[in-house]
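Shown next, in structure tokens, is the structure this report addresses.
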Amino acid sequence: MPQTTWRAHLVAALALGAGPAFGQAIVTPPISAPADIAPILPGQERAAPAAAPAPAARPGLPGLTSGSPTDDQQPVTFTADEVEYDQNRALVVARGHVEAWQGARVLRADEFTYDRNTGVATARGNVQLIEGDGQVVFADSAVLENQFRDGVLEGLRGLLAQNGRVAANGARRTGGSIFDLSRVVYSACDPCQDDPLAPPIWQLRARTATLDQTTRQVRYRDAFIEMAGVPVLWTPYLQHPSGSAPRQSGFLSPTFGITGFLGGFVVTPYYWAIDENQDLVLRPLIATSQAPNLGLEYRRRFNFGEIQAEGSVGYMNGDQDTPRGFAGHIFSRGRFAIDENWRAGFDLNRASSEDYLRIFRYGARRLLLTNAYTEGFWGTDSYARVDSSIYQGLRSTDNNSQIPVVFPNVYYDWRAPTDSLGGTFTFDTWNFATFREAGTDTQRANIRLGYSLPYTDGAGSIWTIRAISDISGYNYTDLAGAPNYSTTADNGGIATANIRAALDWRMPFIRSAGEYGHQVIEPRVQVVTGPLTGQQTSVPNEDSIDYEFTDATLFNLNRFGGRDRQEGGTRFDYALRGAWHFPNGGLLEGLAGASYRIQNDGGPFYVGSGLVDRASDYVGRARLMPVPWLEFLGRGRFAQDDGALRFLDLSTTVNFDSGTSISGGYLYTPPVPYLTPVQTRNEVAAGFTQRFGHWRVSAYGRYDIEINRPVAVTATAGYEDECFIFEARFLKRFAEDPSTGSLYPASTLLLLRVGLKTIGDFGFRAI
């Protein structure tokens, strides 16, 4: 029988005739064998290469680029230690580290036989079939035809995308993309390092399975899910995307639960991949004690922006604490880029009630904002924004007729380049109109001019000259209504103007502490002056209702955050700051200060703000960080005459290298007239987080000392590794509904979640 044999270290090319079956053979010195890896099942496998070798890298082969013919049109090329060719039988036999490839598809084996008459290729011994997308299939033997597209494999084992691993007694491949498997096992877990033959955390066993590489779906029949080798769930049919699957329509993992308001319930989400740019999730909820509820989530991307929306619709059966009737909600947002300077967006948020959101777990919120805006940016010097806003209060104590609609709200600011003296001039304008069903309607136009000039003298003192000027015009109706309740005016208009100028001096004294770091003592004094403004009861107040006097606002020229209330007269601000910077990155810092006004008219401040008297309350800040992982921080306000506590906020955090984090805090605030209900807050809080290995646990609690009861308690525990997620959450709120005197509905939550990566999540929820 005429035969031709090539041995290792002889390189030759053999043209086996025309056609795509075999174009050339290259015999090279033996390549090194791949390293072994731990199997997912008893037995041995060969490790897959990091990626399929690029054909262009092999000597003597033409390079394959994206413009080359498709894989099916490429010739089959191979390398081996030894090749025999029987010309009479048209039979090619390659032995020893055989590697054959066609396009991006690669086959490796100990022995490779190809029959040119039938087009059938047989591979034996450590067979590896590597696809162009990086997925690898191992087998003991394989019989392939139709350019490697079809065939039968024995002892199949596979490495899929996202760490997926599959093994089967046998498999049939058809169409180049369909694998029919028998006696199959699948898992995404790494083998145990100490005992590679031990069962993984979870694995899926099935009598038969089909891997469709075109649709990238895996379908199982007569399947068991095992946890640590113990069967926990049987299903006659199960389908999930393969690890490399793109977005595809289909049912998602269900969530089961039981709550006091819903009874037993199940949520069966369906994901609809509408096209490449948009998708929709339907979340129908079926409960034993409430009518069905349908939740929806929609997303769409454009070349210039995106839209996201979440909504629901349902019917509440009602009880003594909740209303009866149809209910729903929508939370949505859109963001769009107009050009390189301008962008636009919107937020649309509406809901039937806070109770509805709590009961159906759509995220409890007290206030919802709906707005539309456009804004422009020009470097760091200019900014413009035009928007309109509608607010919705969701609690029974909220009077939405007194909550304003803002239309429009126009803001623009500009900062000039630094002048020859080193100062900076700024200009901005803020104009808006508000409307209420019951209360004040206001239209305001405002212009603010500002200037700041810093200077450092030869002694190291830092001087700053600052000035701001506000000019405003108002038109209003029903000033006697909310939120002004004025007794001096009802309808009309008014123009106001104010200028504030300040000279700020501070002198940082720095002293070296040698090996203990360095110390800083910095006194600071500021004098601010301007015309008297009085109580301003005839001026609408839309943006200066909320105010808090702390060390952060001590040196502001106008200590109101808005412009409807203007501070006037002359005052002196003074503070002393000290700091010790440690070499290890730690810090000890303290600041104490106050203000003194020349006039004694009370100004526009409310009683209890700390600024009504000529001498203000004392404000302070203290921070201790002896080491980078431990910090104590406190801010407070104390009465000028007797040092009585007016405000205190304390917090501490500890972060250990072991993964433990501990936090604690205390908050005291007196009643303020702009918050409902008007009450003192006197609370302590504490929490911790611990991470060890794949585990994470945490707990947090708040306790109200004033009313002697908890405010909220939460606890979580979770585990996550390369293939498995477990999470448990508990939440208990103790807040009362003022209208009923009882706890808010759905104030207790227990959530359990189990996630099998690449397959899906399973959840249980109780309220």
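A few comments on the model shown:
- Projecting the Cα atoms of Ser141, Phe78, Thr496 onto the dipole axis of the chain, where Lys and Arg carry +1 and Asp and Glu carry -1 at the beta carbon, places Ser141 farthest toward the positive end.
- Ranked Met316, Met227, criterion: other C-beta atoms within 10 Å, fewest first: Met227, Met316
- Dividing the helix sum by the residues of the chain, where each DSSP H run of 4 or more adds -39500 (n - 2.57), gives a mean residue ellipticity at 222 nm of 0 deg cm²/dmol.
- Here, the range 349-452 has an Rg and a Dmax of 19.1, 63 Å when only alpha carbons are counted.
- Relative contact order (%) - criterion: Cα under 8 Å, at least six apart; region: the range 604-668: 23
- Counted over all Cα-Cα pairs of the range 280-405, pairs farther apart than 25 Å make up 39 percent.
- Taking the average, over residues, of other Cβ atoms within 10 Å as the packing measure, peptides 344-356, 275-287, 450-462 rank 344-356, 275-287, 450-462 from highest down.
- Charge dipole of the chain about the Cα centre (unit charges at C-beta), most positive-ward option of Phe730, Ala287, Val152: Ala287
- Computed across the range 503-582, the Kirkwood hydrodynamic radius from all distinct Cα-Cα pairs reaches 15.2 Å.
- Pair-distance profile P(r), taking every C-alpha pair of the chain, with 20 angstrom steps and integer %: 12, 30, 29, 20, 8, 1, 0
- The residues neighbouring Gly345, those whose beta-carbon lies less than 12 Å from its own, together hold a net charge of 0 under the Lys/Arg +1, Asp/Glu -1 convention.
- Zero-based 10 Å bins, Cα pair distances in the range 393-551, whole percents: 9, 25, 27, 19, 13, 7, 1
- With distances taken between every two different alpha-carbon atoms, the range 110-251 has a Kirkwood hydrodynamic radius of 15.9 Å.
- Point-to-point label distance, Thr429-Leu294, nm (Cα→Cβ direction, 7 Å offset): 4.9
- Legend: ranking of residues Trp430, Trp505, Trp101 from fewest to most surrounding C-beta atoms inside 10 Å; resulting order Trp505, Trp430, Trp101.
- The alpha-carbon atoms of the range 462-543, seen along their principal axes, cover 68, 24, 16 angstrom, with the largest extent given first.
- Protection proxy ranking of 614-623, 508-517, by the mean of other Cβ atoms within 10 Å over each peptide's residues and highest first, is 614-623, 508-517.
- Size check on the range 576-676: the Cα extents along the three principal axes, sorted descending, read 56, 34, 21 Å.
- Mean separation of Cα contacts under 8 Å (6+ apart) over length of the chain, as relative contact order %: 5
- Pairwise FRET efficiency - Asn117 versus Glu306, Cβ, R0 = 56 Å, nearest 0.05: 0.45
- Residue order, fewest to most surrounding Cβ atoms within 10 angstrom, among Asp504, Asp642: Asp642, Asp504
- Estimated translational D of the range 219-365 in µm²/s (Stokes, Kirkwood radius over Cα pairs; 37 °C; 0.692 mPa s): 181
- Per DSSP, loop trypsin sites (Lys or Arg not before Pro) in the range 226-315 with at most 15 further Cβ within 10 Å: Arg247
Taken together, the values in this text are just the output of simple stated rules run on the coordinates, not laboratory data. Note that the structure is a prediction, hence the values are computed from the model and not measured. With ideal geometry, Cβ positions are generated from the backbone for all residues, glycine too; neighbour counts draw on all protein chains shown.
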